[in-house]
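The values are calculated or read from the model by the stated rules, or taken from the named source; none is laboratory data. Just so we're clear, the structure is a prediction, and the values are computed from it rather than from any experiment. Neighbour counts are summed over all protein chains in view; Cβ atoms, including those assigned to glycine, are modelled from backbone coordinates with ideal geometry. For accessibility, only protein heavy atoms count, side chains too; no ligands or nucleic acids. Shrake-Rupley method; radii C 1.70, N 1.55, O 1.52, S 1.80 Å.
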Amino acid sequence: FVRFFGTDNGIAIGEATPDFPTGVLLTQDGGESWQTAPGYRSAGWHAAAFSELYDGIVVGPRGRISLVAGTNVAPPRIDAGSLRGVRSVAMSDGLSGWAVGDGALVLRSNNGGVSWQPPEQPLPLELSRFADFKAVAAVGNRVWIAGNPGGRIWHSRDGGLSWAGRQPAS
């Protein structure tokens with residue numbers, strides 16, 4: 001994940017290293033140099049959603065979800081030692097967000113990523129035995145989820161109150 005806010009200021013997330021122990025990197029010179037964001041030392045992150053340079057959410061292995069605020073990487077909001085990695089995160093506005101991952105993991109936040117819980121109506125339980133979600137998009141109350149296997153895209157028109165599986169046209 002790399003995102004720029006103008007030509008100079010940007011953020012990148014990925015694996016942590018001894019030189020970049022949080023796995024969150026910041027630049028203010030168009031990528032000529034990068035500094036590690038201070039805060040929680042992690043193994044790294046899979047994906048992120050940032051509305052502004054210093055305001056975002058990072059997600060990663062073992063169920064980790066952390067906030068990044070004011071360049072500081074906070075300790076994980078969710079770190080239950082789960083074996084299910086969180087693979088993608090999307091915010092539909094400043095408060096509503098969705099995170100998806102391994103074992104058909106689907107989580108929702110209504111408070112800017114401070115807390116996460118399953119949607120009111122979960123997807124079919126049998127998905128957890130064979131589906132790994134890799135991507136999520138959200139616009140208003142609409143949510144789309146996709147992953148492996150790739151034969152179906154899950155969609156909710158009502159913020160997770162109901163779900164429909166759609167097969168892509170061939």
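Brief remarks follow.
- Candidate set: region 80-116, residues that are open to solvent by 70 Å² or more (accessible area, probe 1.4 Å) and not hydrophobic (A, V, I, L, M, F, W, C); chosen: the one farthest from Ser66 (Cα to Cα): Asp93
- Residue within region 35-42 that is hydrophobic (A, V, I, L, M, F, W, C), open to solvent by less than 20 Å² (accessible area, probe 1.4 Å) and either modelled with pLDDT of 95 or more or within 12 Å of the chain's Cα centre (by Cα) (or both) present: no
- The set of residues from region 1-38 being under 21 Å from Gly85 (Cα atoms), of a type in the set (Gly, Ala, Ser) and not in a loop (DSSP other than H, G, I, E, B) comprises just one member, Ala12.
- Taken over region 104-120, the residue count meeting the criterion of being in contact with a Leu (Cβ under 7 Å, 6 or more places away or on another chain) and either under 25 Å from Arg152 (Cα atoms) or β-branched (Val, Ile, Thr) (or both) is 6.
- Qualifying strands (runs of 3 or more DSSP E) (wholly inside region 49-166; at least 2 residues being within 26 Å of Gln35 (Cβ to Cβ)): 55-59, 65-69, 86-91
- Criterion: modelled with pLDDT of 90 or more and either surrounded by fewer than 21 Cβ atoms within 10 Å (Cβ to Cβ) or touching a strand residue (DSSP E or B) at 6+ places or on another chain (Cβ under 7 Å) (or both) - qualifying residue of Glu52, Glu15: Glu15
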